[in-house]
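Visitor: Just passing along the structure, written as structure tokens.
The values are calculated or read from the model by the stated rules, or taken from the named source; none is laboratory data. All of these numbers come straight from a predicted model, not from anything done at the bench. FYI the Cβ positions are ideal-geometry reconstructions off the backbone, even for glycines, and counts take in every protein chain you see.
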Amino acid sequence: MTQLRALLVILALCLSAAALAQDSVSREAWSNHMEAALPDYLCQEDSYFVQCFELDLAQCRHSLGELTRRCLDRFADDIPDPIRPAEDGAIIGQMVGSCAGTQFDYEHRALKIDNPQCNDPMHWAGR
């Protein structure tokens, strides 16, 4: 799971630092940003979530948006308010991203394409 962690840390840092370039932001603002940005990032045309499931881009984004919101709600007590994107963003982004990606994989398992690349659990981390 090292590749997955690295991807999620990079993603969280990019999402947190670039879009929320302040020293701190409210938990609500950070969560809203993650809910919008994470599905767009993970549901690109060449991504595991699009290539390995019988879903189109819109369905992928919709599903990951809902799953991201559920995961943000699940970890709400662990997200500081305000949040410091540079310090807290990577850790919390990793928790939320891992949660949403794992749930997506589980909830859409009936739509998963059966091939060696899609059956490799590290594939979605290596995009």
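Visitor: So which residues in the range 88-114 are without any contact (Cβ under 8 Å) to a residue 24 or more places away in the chain, over 18 Å from the mean Cα position of the chain (by Cα) and in a helix (DSSP H, G or I), if there are any at all?
Guide: ALA110
Visitor: Mind checking which residues of the range 67-77 are more than 15 Å from GLU28 (Cβ to Cβ) and surrounded by fewer than 19 Cβ atoms within 10 Å (Cβ to Cβ)?
Guide: Scanning the range 67-77 gives ARG70, ARG74.
Visitor: With the condition kept exactly as written, say whether any residue in the range 120-127 is over 13 Å from CYS43 (Cα atoms) and surrounded by 16 or more Cβ atoms within 10 Å (Cβ to Cβ).
Guide: The answer is yes; a qualifying residue exists.
Visitor: Got at least one residue in the range 79-92 being of a type outside the set (A, V, I, L, M), modelled with pLDDT of 90 or more and surrounded by fewer than 15 Cβ atoms within 10 Å (Cβ to Cβ)? Before the answer, list the steps.
Guide: Start the filter on the range 79-92 by keeping residues that are of a type outside the set (A, V, I, L, M), which leaves 80-82, 84-85, 87-89.
Next cut, modelled with pLDDT of 90 or more only: 80-82.
Right, trim to surrounded by fewer than 15 Cβ atoms within 10 Å (Cβ to Cβ) and you get 80-81.
There is at least one residue in the range 79-92 that is of a type outside the set (A, V, I, L, M), modelled with pLDDT of 90 or more and surrounded by fewer than 15 Cβ atoms within 10 Å (Cβ to Cβ).
Visitor: Which members of the range 70-86 meet the condition of being in a loop (DSSP other than H, G, I, E, B) and among the aliphatic types (A, V, I, L, M)?
Guide: Residue satisfying the conditions is ILE79 alone.
Visitor: Among the residues that make up the range 23-44, is at least one of them more than 14 Å from the chain's Cα centre (by Cα), within 22 Å of ASP114 (Cα to Cα) and among the acidic types (Asp, Glu)?
Guide: Looking for residues that are more than 14 Å from the chain's Cα centre (by Cα), within 22 Å of ASP114 (Cα to Cα) and among the acidic types (Asp, Glu), one finds none in the range 23-44, hence no.
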